[in-house]
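Please read the structure below before turning to the comments.
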Amino acid sequence: MPRRPVAVFAIAPWALGGVFPADLLTRLGELADIDPATTFTSFEGPAAAAALAEAHILVTGWGCPRIDAGVLAAAPRLRAVVHAAGTVKALVDPLVFERGVIVSSAAEANAVPVADYTMAMLILGAKQTFSRARRYASAVEGTPRDWLAGEGTGLHDCTVGVIGASRIGRLVLRRLRSFDVQVLLYDPYVTAAEASDLGVEQVSMDELCRRSDLVTVHAPALPETRHILDGRRLDLLPDGAVVVNTARGSLIDTEALTRSCAGGRISAILDVTDPEPLPPGHSLFALPNVLITPHLAGAQGRELRRLGEFAVAEVSQLLSGAPLLGRVEPEQLSYIA
């Protein structure tokens, strides 16, 4: 790679400023020739063709088009894709790896706010915060407002079931160590030795469902994980259990979850749904024991900067010949989120 490599932004303009504020653009410009005023959300047209022809590094993010055979043909000098966001599963064609292009993702940085959100929801869910707040707000004059009621609530001494020791799942496991809870894990790829190191009890999916007061989902969306929480397994959950999903909506059978929550037996906190978004007027929106947020657990607002910091550090590592913290290997495409 030449002394002054050429980098090109392929990221939506709305995301660029948050991910790469001025000081990070300056740092990136010290490492490579890059024009912060030019960013592509399409690789069609003469401007994109001219940029790709010179590019050694693509700095990508939300809004980047798929990098496929056509892009590779137009970018003969391309050596690396540094993705300043989460998954690259839909972004990079396997041909990218076959060409020898290095791929890095800031998924590690994006995992942090998701894990923090998850912990917040586990704590609030264990308190039955959302359903109790709704009852409190809707109470009429002369009726009990039950704001002191709380029997059987709270995270202390709960059993928390974690589905998937993914990057986010492991961060959640680490945070759970600060609480007096028993942690169960289902992940068929985790060895007994790894489970011991993680400080968890490894169990089957059915046992996890039977024993967990709270279940949090952190598995990728794969054919084998579709509806991993189906009607039968939701029925295994104890009365009063809370399901938290910050992974992918397809991991839970939406119709089965709707039936279980409508009966009041369990509660749910969903940052992702299937379909996403749910159609207007879906019954899950109206249930007092269900909270649905608009896929906001990942980096947002002030948190976006963390992604840019990660990407700039990766470019620095790349140019110095050091290992990349977020390097993605081709075999990971089959199982990452």
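The values are calculated or read from the model by the stated rules, or taken from the named source; none is laboratory data. All values reported here derive from a predicted model rather than from experimental measurement. With ideal geometry, Cβ positions are generated from the backbone for all residues, glycine too; neighbour counts draw on all protein chains shown. When the accessible area is computed, the model is the full protein with side chains, heavy atoms only, and any ligands, DNA or RNA have been set aside. Shrake-Rupley method; radii C 1.70, N 1.55, O 1.52, S 1.80 Å.
Can you pull out the residues in the stretch 303-330 that are of a type outside the set (A, V, I, L, M) and more than 18 Å from residue 108 (Cβ to Cβ)?
The first filter runs over the stretch 303-330 and keeps only residues of a type outside the set (A, V, I, L, M), leaving 303, 305-306, 308-310, 314, 316-317, 320-321, 323, 326-327, 329-330.
Listed by number, the residues that qualify are 320, 321, 330.
Yes/no per residue for (1) open to solvent by 30 Å² or more (accessible area, probe 1.4 Å); (2) within 25 Å of residue 334 (Cα to Cα); (3) of a type in the set (D, E, K, R):
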{"site": "104", "(1), (2), (3)": "no, yes, no"}
{"site": "116", "(1), (2), (3)": "yes, no, yes"}
{"site": "126", "(1), (2), (3)": "no, no, no"}
{"site": "136", "(1), (2), (3)": "yes, no, no"}
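Would you pick out the residues in the stretch 197-227 that are over 16 Å from residue 170 (Cβ atoms) and either open to solvent by less than 20 Å² (accessible area, probe 1.4 Å) or aromatic (Phe, Trp, Tyr) (or both)?
If we filter the stretch 197-227 for residues that are over 16 Å from residue 170 (Cβ atoms), which is where we start, we get 203-215, 221-227.
Once the filter is applied, which keeps residues that are over 16 Å from residue 170 (Cβ atoms) and either open to solvent by less than 20 Å² (accessible area, probe 1.4 Å) or aromatic (Phe, Trp, Tyr) (or both), the stretch 197-227 yields 203, 205, 208, 209, 212, 214, 215, 225.
Of the residues making up the stretch 163-171, not a single one is more than 24 Å from the chain's Cα centre (by Cα) and among the hydroxyl-bearing types (Ser, Thr, Tyr).
Taking (1) in contact with a Lys or Arg (Cβ under 9 Å, 6 or more places away or on another chain); (2) at pLDDT below 95 in turn, residue 161 satisfies each apart from (2).
Could you list, in sequence order, all residues of the stretch 236-259 that are small (Gly, Ala, Ser) and within 17 Å of residue 130 (Cα to Cα)?
Within the stretch 236-259, the subset small (Gly, Ala, Ser) is 240-241, 247, 249-250, 256.
240, 241 - these are the residues of the stretch 236-259 that are small (Gly, Ala, Ser) and within 17 Å of residue 130 (Cα to Cα).
One line per residue, one yes/no per condition, for (1) β-branched (Val, Ile, Thr); (2) under 18 Å from residue 332 (Cβ atoms); (3) at pLDDT below 95:
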site	(1), (2), (3)
41	yes, no, no
51	no, no, no
62	no, no, no
67	yes, yes, no
94	no, yes, no
121	no, no, no
139	no, no, yes
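The number of residues in the stretch 232-246 that are more than 13 Å from residue 163 (Cα to Cα) and either open to solvent by 20 Å² or more (accessible area, probe 1.4 Å) or among the polar types (S, T, N, Q) (or both) comes to 6.
Would you pick out the residues in the stretch 282-324 that are of a type in the set (A, V, I, L, M), over 16 Å from the mean Cα position of the chain (by Cα) and part of a loop (DSSP other than H, G, I, E, B)?
The first filter runs over the stretch 282-324 and keeps only residues of a type in the set (A, V, I, L, M), leaving 284, 286-287, 290-292, 296-297, 299, 304, 307, 311-313, 315, 318-319, 322, 324.
Within this subset, residues satisfying the condition of being over 16 Å from the mean Cα position of the chain (by Cα) are 284, 286-287, 290-291, 311-313, 315, 318-319, 322, 324.
Of everything in the stretch 282-324, those that are of a type in the set (A, V, I, L, M), over 16 Å from the mean Cα position of the chain (by Cα) and part of a loop (DSSP other than H, G, I, E, B) turn out to be 287, 322, 324.
Among residues of the stretch 250-264 that are open to solvent by 20 Å² or more (accessible area, probe 1.4 Å), those with a beta-carbon under 7 Å from a residue that is assigned to a loop (DSSP other than H, G, I, E, B) and among the small types (Gly, Ala, Ser) at least six positions away or on a different chain give the pairs 250/221.
Looking at the stretch 7-57, the helices (runs of 4 or more DSSP H) lying wholly inside it that each contain 1 or more residues that are under 23 Å from residue 301 (Cα atoms) and not β-branched (Val, Ile, Thr) sit at 13-19, 22-31. Taking the stretch 265-284, which residues are open to solvent by less than 20 Å² (accessible area, probe 1.4 Å), farther than 26 Å from residue 152 by Cβ and not β-branched (Val, Ile, Thr)? Scanning the stretch 265-284 gives a single hit, 278.
Checking each residue in the stretch 61-77 for being under 20 Å from the mean Cα position of the chain (by Cα), surrounded by fewer than 22 Cβ atoms within 10 Å (Cβ to Cβ) and among the small types (Gly, Ala, Ser) picks out only 63.
Across the stretch 163-219, what is the number of residues that are among the acidic types (Asp, Glu) and in a loop (DSSP other than H, G, I, E, B)? Outline the logic, then answer.
Pass one, the stretch 163-219, residues among the acidic types (Asp, Glu): 180, 187, 194, 197, 201, 206-207, 213.
Now narrow it down to the ones that are in a loop (DSSP other than H, G, I, E, B): 180, 187, 213.
Of the residues in that region, 3 qualify.
In the stretch 285-300, the residues that are more than 10 Å from residue 130 (Cβ to Cβ) and open to solvent by 60 Å² or more (accessible area, probe 1.4 Å) form Cβ pairs under 6 Å with partners that are at pLDDT 95 or above and part of a loop (DSSP other than H, G, I, E, B), at six or more places apart or across chains, as follows: 295/271; 295/272.
Which of the residues that make up the stretch 21-60 are in contact with a Leu (Cβ under 7 Å, 6 or more places away or on another chain) and open to solvent by less than 10 Å² (accessible area, probe 1.4 Å)? Listed by number, the residues that qualify are 55, 58, 60.
The single condition among (1) within 27 Å of residue 300 (Cβ to Cβ); (2) surrounded by fewer than 20 Cβ atoms within 10 Å (Cβ to Cβ); (3) touching a helix residue (DSSP H, G or I) at 6+ places or on another chain (Cβ under 7 Å) that residue 80 does not satisfy is (2).
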